[in-house]
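Scroll down for the structure; my scribbles are underneath it.
Read-outs: derived from the displayed coordinates by stated rules, not from any lab. Here the structure is a predicted model, which means the values were calculated and not measured. Neighbour counts run over all protein chains shown; Cβ positions are idealised from the backbone, glycine included.
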Amino acid sequence: MTTPRRLGRPAPPVADVLCRTCGGPVETPLRDHGRRAHHPSRPEDDRRGGAASPPRRTARARRRHRRVGAARRRRLRRPPPRHGAPGRDGGAADGPAGDLLRAERLAAGWSAPRRSPGHRSAAAAGASGPAGALEGGRGVGVVRCGAGLLPGGLAPVAARRAGPPAVRSPGRRHRGGRVVLALREDAGVTAPTSSASYDVDALRSRFPSLDPAGPGGGWALFDAPGGTQTPREVGEAMAAALTGPLSNRGAASPSQQLAERAVVDFRAAVADLLDADPRGVVHGRSATALTYDLSRAMARTWQPGDEVVLSRLDHDANVRPWAQAAERAGAVVRWIDLDAATGELRVDQLGELLSDRTRLVSVTGASNLLGTRPPLRRIADAAHAVGALLWVDGVHATAHELPSLRTSGADVWVCSPYKFLGPHCGVLAADPALLETLHPDKLVPSTDAVPERFELGTLPYEQLAGVTAAVDVLAGLVSASSSAQGSRRERLAASFAAAEAHEDRLRHRLEEGLAELAERGAVVVHSRAADRTPTLYFSTPGRDAAAVSAALAEHRVLAPAGWFYAEEPYRALQRAAALDGPGIRVGTAPYTSDDDVTRLLDALRSAL
């Protein structure tokens, strides 16, 4: 399009920006962009839209131009926003949290809005390409970005931290005193590093179950993959909702208003956590129940001969509902295999498995048994290329990395709040337009509006309040840090970054200790994927895993044995002769301490 020219200074470079009126992308000089440039509604606006030079200015217009110029010069003299303060990049803060959101927007095809004074673009810093666009530190300025800029669905994420890196984790490149996350074939979960302080002792004090003087005091808990402990704030929020006043939803009385508020707050909190639309957030009794309910609704659209692709890395709750639905519909089930030697999902098989008959690909965001994180963006792109939907079981993944429904490519993301400090229930997020196409069985008088059509019966308002409180606790893990300012999504980004760095460090300590035991043949570790959560699954050759788990309990260390409903990966390991019986699973949570790790390793040495 023809770029309008300003009087005085030459027009700045052309870039894609978001219109402040409609939110859509427009192409116009950054300093010239305004409602008239994008939305001409008067004859003079129409004339200006295609003109190579501006029309003659009236005396009134010239006076206004001088006032605007003076205001702009005053803004240019202001100091740039401090690190961590809310910025002008579409509301994103500066620092790791802001960089995270800008990375998500880039991966999703969003354009970079105008920058606040004092920022430098990647081009000005001499960077080039998508990685360079994001490696500019504070000034993450991207000129003309879009989905096509990222080949193969690669999602760049960059962040900084002061001081030398403490741990060299897989997937990160360490350069001097900063850490730059490598381009990953997984835009679904984003894990920037963070300079925010992380006080584990202060966090533990918020959990009554971890009180040394309480009934559960003195135990080192490594059962987080099966469910975390609950902080005081969540219990108090649930009690406050129950004791009311509380009625069914409405607007007439305080009791009705509190019920309505609980629902609205719940959907907003989950939307912030999953980077989703609150209109597409559904509450369910559990992730398993939600998957069964939606599988039945989706299968109504399938025909005999249609195909469903499942994974041998998944928890059975993301396998059996789809396999049973496919059998009823006459659809064919195809499988993505697990490489038992590496713990990786064989995504290289997708080209052979997908066809124009594929209706759904269902895969885990992270294995609850091995911790393996498959490349969601790559899987999503392959599924969408043949017109299939991608369903992601994010129960384990959500607890360890901040998810993004928008950038992962997932059409549906389901998870369980009790795996990340919340109450026992399930939540689902999807595009409301997709949910509109699904019609579950329901009562005649109940609403058919989305998302309520999927929530059968009266909602448990106390659970909703508990989920909201859990998300707020997660968003406040580094509340004392300047990088924790901004929107709740931005605070979640800072908190998840700090918690992940903490848990990765503990994982490396665990792996070092288990490697010593493996050298003498006492254990075999099966969690070997390059990208994985702080969850380790190991067997004890010659020793019954349940007996070893009981021996650890004598040392007040909880490390359960079994295969934890992960039927397919467990059987795949057995077929590969990688294990001959159940193993032991240990996993960390944000409240896991160094002392916990020391006690686990000491107890294992004693038991083995």
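May I have the convex hull volume per residue, in Å³, for the Cα set of the range 292-376? It would help to have the intermediate numbers written out before the result.
Values: hull volume 7.5 nm³, N = 85.
Measuring per residue, one finds 89 Å³ for the Cα hull of the range 292-376.
What Kirkwood hydrodynamic radius, in Å, does the range 256-407 give when the mean of 1/r is taken over all pairs of distinct Cα atoms and then inverted?
Numbers: mean 1/r = 0.0611 Å⁻¹.
It is 16.4 Å.
Could you give P(r) for the range 215-270, binned at 10 Å from zero, as whole percent values over all Cα-Cα pairs?
20, 36, 23, 17, 4
Would you compute, for the Cα atoms of the range 333-424, the largest minus smallest coordinate along each principal axis and list the three values in descending order, in whole Å?
Between the extreme Cα coordinates on each principal axis of the range 333-424 lie 40, 31, 22 Å.
Taking 0.36 nm per intervening residue step and subtracting the Cα-Cα distance, what contour gain separates Arg300 from Glu352 on full extension?
Length gained between Arg300 and Glu352: 16.1 nm.
Of all the Cα-Cα pairs you can form in the range 557-600, what percent are over 15 Å apart?
Distances greater than 15 Å cover 52 percent of the Cα pairs.
Show me, for the range 492-508, the HN-Hα J-couplings you get by feeding each phi into the Karplus relation (A = 6.51, B = -1.76, C = 1.60, θ = phi - 60°), rounded to Hz, glycine and proline as x.
Each residue of the range 492-508 in turn: 4, 4, 5, 5, 5, 4, 5, 5, 5, 4, 5, 6, 5, 5, 5, 4, 5 Hz.
What is the P(r) of the range 423-542, as percent of Cα-Cα pairs per 5 Å bin from 0?
The percentages, shortest bin first, are 2, 9, 12, 10, 12, 12, 12, 12, 9, 6, 3, 1, 0, 0.
With a 10 Å radius around each residue's Cβ, average the other Cβ atoms per peptide and rank 302-315, 488-501, highest first.
Packing order, densest peptide first, comes out as 488-501, 302-315.
Show me the ranking of peptides 415-423, 217-225 by mean Cβ neighbours inside 10 Å, starting with the highest. Intermediate results must be reported in sequence, preceding the final value.
Values: 415-423: 26.3, 217-225: 20.3.
Peptide ranking by packing, descending: 415-423, 217-225.
Beyond 22 Å, what share of the Cα-Cα pairs of the range 217-321 is found? Please give it as a whole percent.
57 percent
Under a 5 Å amide H to amide H cut-off, with H placed in plane at 1.01 Å, what residues pair with Leu389 once short-range neighbours are removed?
Here the answer is Leu360, Val361, since their amide H atoms fall under 5 Å of that of Leu389.
Gain in length, Gln256 to Thr458, computed as 0.36 nm per residue apart minus the alpha-carbon separation, to one decimal in nm?
Extra length from Gln256 to Thr458 when fully extended: 71.4 nm.
Expressed in nm², what is the orientationally averaged projection area of the convex hull enclosing the Cα positions of the range 411-484?
Values: hull surface 26.1 nm².
Mean orientational projected area (the range 411-484, Cα hull): 6.5 nm².
Count the net charge of all other residues whose Cβ sits under 10 Å from the Cβ of Ala475, scoring Lys and Arg as +1 and Asp and Glu as -1.
0
In square nanometres, what is the average projected area of the Cα convex hull of the range 528-583?
For the range 528-583, the mean projected area of the Cα convex hull comes to 4.5 nm².
Scaled to the compact-protein estimate 2.2 N^0.38 Å, what is the alpha-carbon radius of gyration of the range 287-326, rounded to two decimal places?
Working: Rg = 10.0 Å, N = 40, 2.2 N^0.38 = 8.9 Å.
The range 287-326 yields a ratio of 1.12.
Highest mean first, what order results for 322-330, 205-213 on Cβ atoms within 10 Å?
In descending order of packing, they fall as 322-330, 205-213.
What length, rounded to one decimal in nm, is gained on full extension from Ser197 through to Ala518, with 0.36 nm per residue of separation minus their alpha-carbon distance?
Result: 112.2 nm gained on full extension.
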